[in-house]
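Report on the structure given below.
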Amino acid sequence: MLAQEMGVIFTKHVGHMTAKRWTDFIQQLESKGLYVVIETDTNGRVMSPLGGLMPMPCKSETLQIFTSDELQQRGLPVGHHIVTKSKASGNLTT
């Protein structure tokens, strides 16, 4: 299946995904050494469901999949991240 086709399917099914199903999907990525990085332009913060603050969702955010080596090259520890891209410098900050 082409990426474009999978993209259409994801948009139709995303509303039916529960937190548990997303967790299962993310754990499958982890088991393969892959980690999700959400890059956002939003500086605003909201409470995380598990405590703490995280950036608010925005329309211009991107989701990327990285290996542990790629995370380290970007100065991020192994794991999933929500990062804010500084518009002036282009650097990522957690």
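Reported count of residues in the stretch 65-81, each being outside any helix (DSSP H, G or I) and either open to solvent by 60 Å² or more (accessible area, probe 1.4 Å) or free of Cβ contacts under 8 Å to residues at least 12 places away in the same chain (or both), is 6.
Every residue in the stretch 50-64 that is within 16 Å of Ala19 (Cβ to Cβ) and touching a residue at least 12 places away in the same chain (Cβ under 8 Å), please. Even if it seems obvious, please write down each step before you answer.
Looking only at the stretch 50-64, we keep the residues that are within 16 Å of Ala19 (Cβ to Cβ), and these are 50-51, 54, 57.
Those that are within 16 Å of Ala19 (Cβ to Cβ) and touching a residue at least 12 places away in the same chain (Cβ under 8 Å): Met54, Pro57.
Residues that are under 20 Å from Arg74 (Cα atoms) and in a helix (DSSP H, G or I) within the stretch 1-47 comprise Leu29, Glu30, listed in sequence order.
Scanning the stretch 34-54 for residues that are in contact with an Asp or Glu (Cβ under 8 Å, 6 or more places away or on another chain) and of a type outside the set (Asp, Glu) turns up Ile38, Thr40, Thr42.
The values are calculated or read from the model by the stated rules, or taken from the named source; none is laboratory data. As the structure is a computational prediction, the values presented were derived from the model and not from experiment. Heads up, the Cβs are rebuilt from the backbone with ideal geometry, glycines too, and the neighbour counts pull from every protein chain shown. Heads up: the accessible areas ignore ligands, DNA and RNA and are worked out on the full protein's heavy atoms, side chains in. Shrake-Rupley method; radii C 1.70, N 1.55, O 1.52, S 1.80 Å.
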